[in-house]
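Working notes, structure below.
The values are calculated or read from the model by the stated rules, or taken from the named source; none is laboratory data. Small disclaimer: the values here were computed from a predicted structure and weren't measured. Every residue, glycine as well, gets a Cβ built from its backbone with ideal geometry; the counts of neighbours run over all protein chains shown.
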Amino acid sequence: MEWFFVTWAIYRRVFARAAVLAVKNWPVLATIFIYFAAMTVAVAVALPFGMFGGFLVSLVSAACTGSFLYLVEMMVQTSRVTLEDFRRSFGVYLWDVVGVAFLSWVFFTLATPALLELPQGPVVLLCLRLLIFVLFNAVPELIYLGHYSSVQLLWESYAFISTNWIEWFPANIVAAAFIYAVASFPLDGAAGYLRLAVVSLLVYFVMVMRGLLFLELHGSSRRGRAFKYRMES
């Protein structure tokens, strides 16, 4: 039972801190609309250019993802995000995101045709995607908190998840389910934009929560966390 109380204490700290940071930095939700606009423009511009256009869209998507991760890093590490942070954010982790996306693309390009030839190919492919999602779930946090190469990112995520999966996933599953419930709530017109704003803020909250939880778990052991809990009780 001690493990439960230790993990619950970590969750209380992490969720409370993430809520404070999300509210304190509420203007960051505007970036979601900027990313959406950037992707809309990129798709419109790239449409006539075939494969080259696809690369362009992928690059813009990676830039937006890297920008998002950098802003989350600023919230986790410094507790605040400035306009200057947003201006510099697009290039900071661009190539880290591109590297991970490229490895994923190469793997599935090679593996998918072979797996689909198997009798239960679609099921095997789905299970493989689920396994990859689980084992590499900490890659976003490792991009901005670990600063590893693309291959190292995957290995470090595997090592982290295999050690901390029982502490990592319950909070993430509950948070993701809450976001899904809010996003699925039927609203139209102006209320729909309000829902999008709330979902955007919740997404930042969850990503900040993940970053804080990662910092709590990474580099520590269950025995060490239990000892710290007993000392603080």
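Remarks
- Single residue of ALA30, ALA63 found to be small (Gly, Ala, Ser), in a helix (DSSP H, G or I), under 19 Å from the mean Cα position of the chain (by Cα) and modelled with pLDDT of 85 or more: ALA63
- Residue count for region 174-190, restricted to those that are in a loop (DSSP other than H, G, I, E, B) and either aromatic (Phe, Trp, Tyr) or within 15 Å of the chain's Cα centre (by Cα) (or both): 1.
- Taken over region 75-87, the criterion of being modelled with pLDDT of 90 or more and farther than 16 Å from ALA30 by Cα is satisfied by VAL76 alone.
- The conditions of being aliphatic (A, V, I, L, M) and over 19 Å from VAL199 (Cα atoms) are met by ALA44.
- Any chance TYR193 is farther than 30 Å from PHE36 by Cα and either at pLDDT 80 or above or over 17 Å from the mean Cα position of the chain (by Cα) (or both): no
- Residues in region 1-58 that are of a type in the set (Val, Ile, Thr) and farther than 24 Å from VAL72 by Cβ: VAL6, VAL43, VAL45.
To keep it simple, each residue is scored yes or no on (1) over 26 Å from MET74 (Cβ atoms); (2) at pLDDT 90 or above.
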{"site": "VAL123", "(1), (2)": "yes, no"}
{"site": "VAL139", "(1), (2)": "no, yes"}
{"site": "LEU145", "(1), (2)": "no, no"}
{"site": "SER150", "(1), (2)": "no, no"}
{"site": "SER157", "(1), (2)": "no, yes"}
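- For region 91-118, the tally of residues that are more than 18 Å from LEU59 (Cα to Cα), in a helix (DSSP H, G or I) and either hydrophobic (A, V, I, L, M, F, W, C) or at pLDDT 90 or above (or both) stands at 7.
- Within region 136-157, being surrounded by fewer than 17 Cβ atoms within 10 Å (Cβ to Cβ) and either in contact with a strand residue (DSSP E or B) (Cβ under 7 Å, 6 or more places away or on another chain) or part of a helix (DSSP H, G or I) (or both) holds for VAL151, GLN152, TRP155.
- Leading residue by the ranking (surrounded by the fewest Cβ atoms within 10 Å (Cβ to Cβ)) among those in region 196-225 that are in a loop (DSSP other than H, G, I, E, B) and free of Cβ contacts under 8 Å to residues at least 60 places away in the same chain: GLY219
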